[in-house]
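The structure appears below as structure tokens.
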Amino acid sequence: MKFTVTLNGEVVDGDVEPRVLLAAFLREQRGLTGVKLSCEAGICGACTVLMDGLPVSSCSTLAVDSDRCAVTTIEGVGTPDDLHPLQQAFASTVAFQCGFCTPGMILALKSLLDTTAEPSREQVVEALEGNLCRCGTYPAIVEAVARAVAAMDSSS
Amino acid sequence: MILPPFELHRPNTLQEALEVRAAFGPEARWLGGGTQLLVAMKSGDLSASQLVDLKRVAELGQITASGDGGVRIGSGATYHAIRRDREVQAVCPPLAHLVSRIGNPRVRSVGTLGGNLAVADPRFDPMTLVVALGGDIGLASAEGTRRVAAHDFVRGPFATALVDGELVTDVSVPGAVAGAYVKFQVSGRVALGVAVAGQVQEGAFSEPPRVVVGAAVMTPTLCPEAAALLVERPLLAGDPGVRRAAEAAAEEVDPYADPFASAAYKRRLVRALLPRAVERMALQDAA
């Protein structure tokens, strides 16, 4: 089944069996291994990607359902030479240990910050409630968001 | 984990969807947001050789005012869309609040209220509130359409009034009904949900409202004795009459024991949560 997705800003044509999951398409056919697989049941958030700006579990989404959508993976957020404020804040706060949950965390937060300029702590925690971190870095993550918001504020 | 092979159908109209389903019979399953179905197919709990994707049937995604001051929520409307809808916010604030707290943010992006009600997992939140609000469910099949009151729609755990080939087209909730849903959830699945809804006049119920307990019971359970005890009482958690109603509700339900809590503990939760639901409802009504 054919589909066309705008993937990290690039129009990509795909042709897969309907059963192919979005996470598998992104990782195996597009090499976007920033999309992580962990629980594979939509619970942990490691596989989070943005579809038309909203976070979805790519492990439980059909690849063909991304037809006519814009999909963003962590590879589409900032570049090594030009980090997104969230990435910069995560780095300076050291809001990660193993880093496995980090792409999902950043995408969930990007979705929040793209729609809410100055989220309250409660809104941040709510936006992250579906992203699990086994290393226990949550307080650092919330701190990193505050820094990112401040940086985005002062640069605008 | 991978999905087993299936054929995917993507009808553009309700008519087309019903015809495809009728052609393939029970081997075909409806696919909405997929948060339930795809996960269950990956784990092998459910199988289907045909999936009928309803996401391109525009009419199922609509949220409209219904003629009587209520709101009709299409079964394909996502929690995200429902939360933001002005009609829902105006007509049914407790439902807007409930869908904002369901699942997790990713579930809310693609999951649908209609799909939730059709699955009728006893641990789910929405049915308890929709029954309390006096909502009804629209159904359609190749044979025609019908409507079923919410408390008749849910028949038992994972059991509804849906017959083979039928889908949920919408859920409608009436206007001018104050309501609240309070739940107890530590992690994972909900342990107990209590909903209270009715018409409030001058700060009290003049008629019995609906009191519904969910999650700790196999089917959302109406508590008419508790509801009767709420009539004319101040809508405060500490009111003796409200506490009596909570005691009555705890005896009207038949909670099942599980590894996390005994039935007796769940009854204690009912006694604790009903007063909170009453007070939250009163606060919303005043707002």
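Mind checking which residues of the stretch A:6-34 are touching a Gly at 6+ places or on another chain (Cβ under 9 Å), in a loop (DSSP other than H, G, I, E, B) and within 13 Å of A:Ser60 (Cα to Cα)? Across the stretch A:6-34, the qualifying residue is only A:Val20. Scanning the stretch B:131-142 for residues that are of a type outside the set (A, V, I, L, M, F, W, C) and open to solvent by 20 Å² or more (accessible area, probe 1.4 Å) yields B:Gly134, B:Asp136. Against the test of being surrounded by fewer than 21 Cβ atoms within 10 Å (Cβ to Cβ) and either within 14 Å of chain A (Cβ to nearest Cβ) or not acidic (Asp, Glu) (or both), the options B:Thr128, B:Thr112, B:Thr78, B:Thr145 yield a single qualifying residue, B:Thr145. When the stretch B:200-236 is examined, which residues are found to be over 22 Å from the mean Cα position of the chain (by Cα), surrounded by fewer than 17 Cβ atoms within 10 Å (Cβ to Cβ) and part of a loop (DSSP other than H, G, I, E, B)? Those that are over 22 Å from the mean Cα position of the chain (by Cα), surrounded by fewer than 17 Cβ atoms within 10 Å (Cβ to Cβ) and part of a loop (DSSP other than H, G, I, E, B): B:Glu202, B:Gly203, B:Ser206, B:Glu207, B:Glu232, B:Pro234, B:Leu236. Farther than 24 Å from B:Val88 by Cα, free of Cβ contacts under 8 Å to residues at least 24 places away in the same chain and in contact with a Leu (Cβ under 6 Å, 6 or more places away or on another chain): does that describe B:Arg267? Answer is no for this residue. Put simply, of A:Thr61, A:Thr72, A:Thr48, A:Thr102 the only residue that is modelled with pLDDT of 95 or more and in contact with a Pro (Cβ under 6 Å, 6 or more places away or on another chain) is A:Thr48.
Considering B:Val52, B:Val91, which residue is closer than 15 Å to A:Pro18 by Cα, of a type in the set (A, V, I, L, M) and either facing chain A (nearest Cβ under 10 Å) or surrounded by 17 or more Cβ atoms within 10 Å (Cβ to Cβ) (or both)? Can you show your working first?
Numbers: B:Val91 fails: closer than 15 Å to A:Pro18 by Cα.
None of the other options fit; the residue is B:Val52.
Could you list, in sequence order, all residues of the stretch B:150-173 that are under 14 Å from the mean Cα position of the chain (by Cα) and either loosely packed, with under 14 Cβ neighbours inside 10 Å or within 13 Å of B:Ala197 (Cα to Cα) (or both)? If the condition is that a residue be under 14 Å from the mean Cα position of the chain (by Cα) and either loosely packed, with under 14 Cβ neighbours inside 10 Å or within 13 Å of B:Ala197 (Cα to Cα) (or both), then B:Asp152, B:Arg155, B:Gly156, B:Pro157, B:Phe158, B:Ala159, B:Val173 are the ones that fit. In this structure, B:Gly34 does not satisfy being within 14 Å of chain A (Cβ to nearest Cβ) and loosely packed, with under 14 Cβ neighbours inside 10 Å. Return yes when B:Ile63 is away from chain A (no Cβ under 11 Å), among the aliphatic types (A, V, I, L, M) and either out of contact with any helix residue (DSSP H, G or I) (no Cβ under 7 Å at 6 or more places or on another chain) or open to solvent by 30 Å² or more (accessible area, probe 1.4 Å) (or both) and no when it is not. Spelling it out, B:Ile63 is indeed away from chain A (no Cβ under 11 Å), among the aliphatic types (A, V, I, L, M) and either out of contact with any helix residue (DSSP H, G or I) (no Cβ under 7 Å at 6 or more places or on another chain) or open to solvent by 30 Å² or more (accessible area, probe 1.4 Å) (or both).
Quick one: would you say B:Ala250 is over 28 Å from B:Asp68 (Cβ atoms), open to solvent by less than 20 Å² (accessible area, probe 1.4 Å) and either not in a strand (DSSP E or B) or not aromatic (Phe, Trp, Tyr) (or both)? For B:Ala250, the condition - over 28 Å from B:Asp68 (Cβ atoms), open to solvent by less than 20 Å² (accessible area, probe 1.4 Å) and either not in a strand (DSSP E or B) or not aromatic (Phe, Trp, Tyr) (or both) - is met. Pairs are defined by a Cβ separation below 7 Å, a sequence spacing of at least 6 or placement on different chains, a first member in the stretch B:89-109 that is in contact (Cβ under 8 Å) with a residue 60 or more places away in the chain, and a second member that is of a type in the set (S, T, N, Q) and part of a helix (DSSP H, G or I); the pairs so defined are B:Pro93/B:Gln284; B:Pro94/B:Gln284. Do we have B:Ala132 as hydrophobic (A, V, I, L, M, F, W, C) and free of Cβ contacts under 8 Å to residues at least 60 places away in the same chain here? Spelling it out, it is not the case that B:Ala132 is hydrophobic (A, V, I, L, M, F, W, C) and free of Cβ contacts under 8 Å to residues at least 60 places away in the same chain. The set of residues in the stretch B:150-167 being closer than 17 Å to B:Thr128 by Cα and touching a helix residue (DSSP H, G or I) at 6+ places or on another chain (Cβ under 8 Å) consists of B:Ala150, B:His151, B:Phe153, B:Val154, B:Phe158, B:Thr160, B:Ala161.
Among the residues of the stretch A:12-46, those that are within 9 Å of chain B (Cβ to nearest Cβ) and either buried (at least 23 other Cβ atoms within 10 Å of the Cβ) or touching a helix residue (DSSP H, G or I) at 6+ places or on another chain (Cβ under 8 Å) (or both) comprise A:Pro18, A:Val20, A:Leu21, A:Ala24, A:Leu37, A:Glu40, A:Ala41, A:Gly42, A:Gly45.
Each row is one residue, and each column tells you yes or no for (1) among the β-branched types (Val, Ile, Thr); (2) more than 26 Å from A:Cys135 (Cβ to Cβ).
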site: A:Phe3; (1), (2): no, yes
site: A:Val20; (1), (2): yes, yes
site: A:Arg30; (1), (2): no, yes
site: A:Gly34; (1), (2): no, no
site: A:Pro55; (1), (2): no, no
site: A:Asp81; (1), (2): no, yes
site: A:Pro85; (1), (2): no, no
site: A:Ala89; (1), (2): no, no
site: A:Thr102; (1), (2): yes, no
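The values are calculated or read from the model by the stated rules, or taken from the named source; none is laboratory data. None of the values given here were measured: they were computed from a predicted structure. Reconstructed Cβ throughout: ideal geometry from the backbone, glycine too, with neighbour counts over all protein chains shown. With ligands, DNA and RNA removed, areas are computed over all heavy atoms of the protein, side chains included. Shrake-Rupley method; radii C 1.70, N 1.55, O 1.52, S 1.80 Å.
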